[in-house]
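What follows is a set of notes on a single structure, which appears directly below.
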Amino acid sequence: MSAFNPPSPDSSRRGQLSRSEHICKQIIASILRGELGENRKLPTEVELAQRYEASRTTVREALSRLRSEGIVVSRRGSGNYVQRLPVLQSSAPAQIASIPDVERYYAFRQCVEVGAAGIAATAREEEDIALMRHCLQALRRAQLEGQTGVEEDLALHMAIARATRNPFFISTIEHALGPIRQCMELAQNLGSPQEGERIQVIDDEHQAIIDAIAQGSAPDAEAAMRAHIGHARQRIFEGG
């Protein structure tokens, strides 16, 4: 989903929004206020022109921009409809740049991923469990072949997030994949010599999470995820 980029403040010679950009912002405000929801039909061009005291040409320019952003879609013979809610441009994902950042990262995971595991245990479908098991098998194969398995590990955590059936958990965890990848790679670089034993321990942790979610036990799923994240932190700071 592309983000909506607000019109630049210097879009005209005097630094004011053009008339069509102003109308564009007004329509977006109406959508965000809930006056126009997804799949709701917009007023006609004539009605919009009257509402905003503008020409139909200006209204068409505003609608054209909304269509280019994917917010509005035109249906032939029917009119313009809201296709999706606007998403304001967000900042780039936070990256880990220091030891305190690593601590903040694990605090974040303890809040978000532990909660996601609990929700997944009550919301998951059979296809979600199948995907988690598939991801775990892929991770095992990658490790047996001497690969890092980082991408497969990330895929497993995303499968757990998707099992929540909650777009807010999914997008939040997806947004955090960059720093999650950083910490996984850091943990491997600081790994202890007993690599085979270490891999088995992590595998057991993942299996415990999947089993608890499959059994529909939110408390057990949360406890298993909390233990996994706590041990992951230990593996960095204590070499465990």
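Some values worked out for this structure:
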| item | result |
| --- | --- |
| Residue among 110, 89, 143, 137 that is of a type in the set (S, T, N, Q) and either open to solvent by less than 20 Å² (accessible area, probe 1.4 Å) or modelled with pLDDT under 85 (or both) | 89 |
| Residue 72 being crowded, with 18+ Cβ neighbours inside 10 Å and at pLDDT below 90 | yes |
| Lone unmet requirement of (1) under 30 Å from residue 210 (Cβ atoms); (2) modelled with pLDDT under 90 for residue 125 | (2) |
| Top-ranked residue of segment 202-240 - restricted to ones that are hydrophobic (A, V, I, L, M, F, W, C) and at pLDDT below 95, ranked as nearest to residue 108 (Cα to Cα) | 229 |
| Segment 25-54, residues that are assigned to a loop (DSSP other than H, G, I, E, B) and open to solvent by 60 Å² or more (accessible area, probe 1.4 Å) | 33, 35, 38, 39, 40, 44, 53 |
| Cross-chain or 6+ apart pairs with Cβ under 9 Å, segment 106-121 first and β-branched (Val, Ile, Thr), then open to solvent by 10 Å² or more (accessible area, probe 1.4 Å) and assigned to a helix (DSSP H, G or I) | 112/169; 112/172; 114/222; 114/223; 114/226; 119/169; 119/218 |
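The values are calculated or read from the model by the stated rules, or taken from the named source; none is laboratory data. Model, not experiment: these values are computed from the prediction. Here Cβ is always computed from backbone atoms with ideal geometry, including for glycine, and neighbour counts include all displayed protein chains. The area values use the complete protein model at the heavy-atom level, side chains included, leaving out ligands, DNA and RNA. Shrake-Rupley method; radii C 1.70, N 1.55, O 1.52, S 1.80 Å.
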